[in-house]
Amino acid sequence: MYNPKSTKAEEFIDNEEVLSTLEYANSNKNNLELVDKILEKAKLGKGLTHREASVLLACEDEGKNQKIFSLAKKMKLEYYGNRIVLFAPLYLSNYCINGCVYCPYHAKNKHIPRKKMTQEEIKKEVIALQDMGHKRLAIETGEDPVNNPIEYVLESLKTIYSIHHKNGAIRRANVNIAATTVENYRKLKEAGIGTYILFQETYNKKSYEELHPTGPKHNYAYHTEAMDRAMQGGIDDVGLGVLFGLESYKYEFAALLMHAEHLEAVYGVGPHTISVPRIKHADDINPEEFDNGIDDDIFTKIIACIRISVPYTGMIISTRESKECRRKALELGISQISGASRTSVGGYAQPENEEENFEDTSQFDVSDRRTLDEVINWLIELGYVPSFCTACYREGRVGDRFMAICKEQQIHKFCHPNAIMTLQEYLEDYAKEPTKIAGKKLVQQEVEKIQDGKIKQLTKEYLEKIEHGERDFRF
Ligand code: SAM
């Protein structure tokens, strides 16, 4: 029985409710009056239910679809301004005992080189990341209680936060590791993680069990209830996502929103972020073998529909996607992107193609292979403010406190100057000359847009101090 307030996976992601939502959406996809009504509700910025959002996703009317896209663009600007937050993944270990059929780290893969970084190797990776300009990481590991126990992750977090190379620092480490216990989530919280990210892969229980035939990840309920345990363990910010291509996208979309509604209903705070990965080629994985691949048109529509359905949830897109696809996605709702990513273990200090006798430990092929400086320059050219801001989490603006500020539309007050100041740091410390010139011009323009006179004055003072070598100012 469907119950968003239940903490049982099969009740808050009730299969019957998903199927009846899809039926409702399908029978109303050309009900233009209803579509208009839903769009009117979306404009209020209070979000949509999974049923309403599914009608928009199913809608086939060209004119209405254009309205969905325009509204998504408008809401993206209203809620997130022109800021784009940057991060990089850091793969600590690819040892894994699961059997995920779409992932080359699956335990039966005997030819992929297995690697687990030592703390010394992690240090080198972090220095390489800091030297690019990164301040925010997503920590990734395979699931292996012997090789990658929680103690290893905690020790690695300590190492990561302790390194200060030149003006560099990792100020926020998000963590994407397998579902674990309340006690371990509490330890991660104490270690100072930002968001706990876990992709559901697929919400369809039957497919989930087939796609995860062996290992602890086979347990659908344990995986699906992970965010509940994370919140019970005191983690305020959780990040959801599905791996598009595994199951029907309409099923995933409805269930993803049901998951968000469940978190809101039980813990009073929805997901901090939603990621939209699509399955990619990797070692022994051929994405063509999965029947539910989605093209760029459907992909961008999903992004637009998520944007208007959960306006306060940040959206993440990785380098799995191409430059052109990322450009469209940014307009429609994405607020965070990775840059210059390596999905191999140790790939930053020793890039894959520069290593002699290179042994590929990558999790998947990336499409956008530009350097961080190229990505920053491109964002500036497109009119965005690349942001390395980590202030909310460090100022305790997390979980329901963060959402409350967002809902009062107060977040711009902090985010905009913080974004400008962290961009200024990047320009001083890491940018190539053309990026520096374009970036400085942008900083000057953006600072004038700050409405609060006192904050504007302070920001100007801080910007000058950054030029003179001081770092880490924030509101
Ligand atoms: N091992 C952890 C777990 O089980 O949740 C998470 C870390 S895993 C390194 C990060 C994510 O990469 C997975 O959750 C999956 O969605 C994604 N992934 C795995 N194989 C992929 C592929 N072939 N293409 C694209 N993404 C993939």
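Among the residues of segment 8-30, just one is surrounded by 15 or more Cβ atoms within 10 Å (Cβ to Cβ), polar (S, T, N, Q) and in a loop (DSSP other than H, G, I, E, B), namely ASN28. In the set (1) without any contact (Cβ under 8 Å) to a residue 60 or more places away in the chain; (2) buried (at least 19 other Cβ atoms within 10 Å of the Cβ), GLU143 fails one condition alone, (1).
Looking at GLU52, is it of a type in the set (Asp, Glu) and surrounded by fewer than 17 Cβ atoms within 10 Å (Cβ to Cβ)?
Numbers: of a type in the set (Asp, Glu): yes; surrounded by fewer than 17 Cβ atoms within 10 Å (Cβ to Cβ): no.
For GLU52, the condition - of a type in the set (Asp, Glu) and surrounded by fewer than 17 Cβ atoms within 10 Å (Cβ to Cβ) - is not met.
Does segment 155-169 contain any residue that is within 26 Å of GLN232 (Cα to Cα) and of a type in the set (A, V, I, L, M)? Yes, there is a match, as at least one residue in segment 155-169 is within 26 Å of GLN232 (Cα to Cα) and of a type in the set (A, V, I, L, M).
From the list LYS217, LYS206, LYS189, the lone residue that is surrounded by 15 or more Cβ atoms within 10 Å (Cβ to Cβ), away from the ligand (no atom under 16 Å from the Cβ) and farther than 24 Å from THR422 by Cβ is LYS189. Just so you know, in segment 171-181 the residues that are within 28 Å of HIS223 (Cβ to Cβ) and in a loop (DSSP other than H, G, I, E, B) include one that is farthest from the ligand (Cβ to nearest atom), and it is THR181.
Scanning segment 236-266 for residues that are outside any helix (DSSP H, G or I) and within 16 Å of the ligand (Cβ to nearest atom) yields VAL238, GLY239, LEU240, GLY241, VAL242, LEU243, PHE244, GLY245, LEU246, GLU247. Of the candidates LYS135, LYS124, the single residue that is out of contact with any Ser or Thr (no Cβ under 7 Å at 6 or more places or on another chain), within 28 Å of VAL375 (Cα to Cα) and crowded, with 16+ Cβ neighbours inside 10 Å is LYS124.
For ASN167, the conditions (1) within 14 Å of the ligand (Cβ to nearest atom); (2) polar (S, T, N, Q); (3) surrounded by fewer than 23 Cβ atoms within 10 Å (Cβ to Cβ); (4) closer than 30 Å to GLN130 by Cα are fulfilled apart from (1). Only one entry of TYR185, TYR196, TYR220, TYR208 meets the criterion of being assigned by TED's automatic domain parsing to the domain that holds GLU151, without any contact (Cβ under 8 Å) to a residue 24 or more places away in the chain and of a type in the set (Phe, Trp, Tyr), and that entry is TYR208. Is one or more of the residues making up segment 277-289 part of a loop (DSSP other than H, G, I, E, B), away from the ligand (no atom under 13 Å from the Cβ) and at negative phi? No, there is no match, as no residue in segment 277-289 is part of a loop (DSSP other than H, G, I, E, B), away from the ligand (no atom under 13 Å from the Cβ) and at negative phi.
Inspect all residues belonging to segment 354-366 and state whether any of them is assigned by TED's automatic domain parsing to the domain that holds PRO113, touching a His at 6+ places or on another chain (Cβ under 8 Å), at pLDDT 95 or above and closer than 30 Å to GLU143 by Cα. Checked segment 354-366: no residue is assigned by TED's automatic domain parsing to the domain that holds PRO113, touching a His at 6+ places or on another chain (Cβ under 8 Å), at pLDDT 95 or above and closer than 30 Å to GLU143 by Cα.
Selection over segment 464-475 of residues that are within 11 Å of THR422 (Cβ to Cβ) and part of a helix (DSSP H, G or I) gives a count of 1.
Taking segment 290-321 as the range and being within 13 Å of the ligand (Cβ to nearest atom), under 20 Å from LYS73 (Cβ atoms) and hydroxyl-bearing (Ser, Thr, Tyr) as the test, no residue passes. Would you confirm, using the coordinates I've provided, whether GLN444 is closer than 18 Å to LEU379 by Cα and either crowded, with 17+ Cβ neighbours inside 10 Å or not aliphatic (A, V, I, L, M) (or both)? Yes: the conditions hold for GLN444. Out of segment 123-170, which residues are among the β-branched types (Val, Ile, Thr), in contact with a strand residue (DSSP E or B) (Cβ under 7 Å, 6 or more places away or on another chain) and assigned to a helix (DSSP H, G or I)? If the condition is that a residue be among the β-branched types (Val, Ile, Thr), in contact with a strand residue (DSSP E or B) (Cβ under 7 Å, 6 or more places away or on another chain) and assigned to a helix (DSSP H, G or I), then VAL153, ILE160 are the ones that fit.
The residues on offer are THR371, THR390, THR422, and the sole one that is surrounded by 23 or more Cβ atoms within 10 Å (Cβ to Cβ) and under 22 Å from ILE317 (Cβ atoms) is THR422. Can you tell me which residue within segment 120-155, out of those that are within 21 Å of the chain's Cα centre (by Cα) and polar (S, T, N, Q), is farthest from the ligand (Cβ to nearest atom)? Residue satisfying both the conditions and the ranking: GLN130. Scanning segment 62-116 for residues that are in a helix (DSSP H, G or I) and either aliphatic (A, V, I, L, M) or within 14 Å of the ligand (Cβ to nearest atom) (or both) returns ILE68, LEU71, ALA72, MET75, LEU77. All conditions in (1) within 14 Å of the ligand (Cβ to nearest atom); (2) in contact (Cβ under 8 Å) with a residue 24 or more places away in the chain; (3) of a type in the set (Phe, Trp, Tyr); (4) surrounded by fewer than 23 Cβ atoms within 10 Å (Cβ to Cβ) hold for TYR161, with the sole exception of (1). Based on what the data block shows, is LEU211 touching a Cys at 6+ places or on another chain (Cβ under 7 Å) and either away from the ligand (no atom under 15 Å from the Cβ) or of a type in the set (A, V, I, L, M) (or both)? Judged against the criteria, LEU211 is a match. For the criterion of being touching a Phe, Trp or Tyr at 6+ places or on another chain (Cβ under 7 Å) and not in a helix (DSSP H, G or I), ARG342 passes.
The values are calculated or read from the model by the stated rules, or taken from the named source; none is laboratory data. Bear in mind that the values here come from a model prediction, so they are computed numbers and not experimental data. Virtual Cβ from ideal backbone geometry, glycine too; neighbours counted across all protein chains shown.
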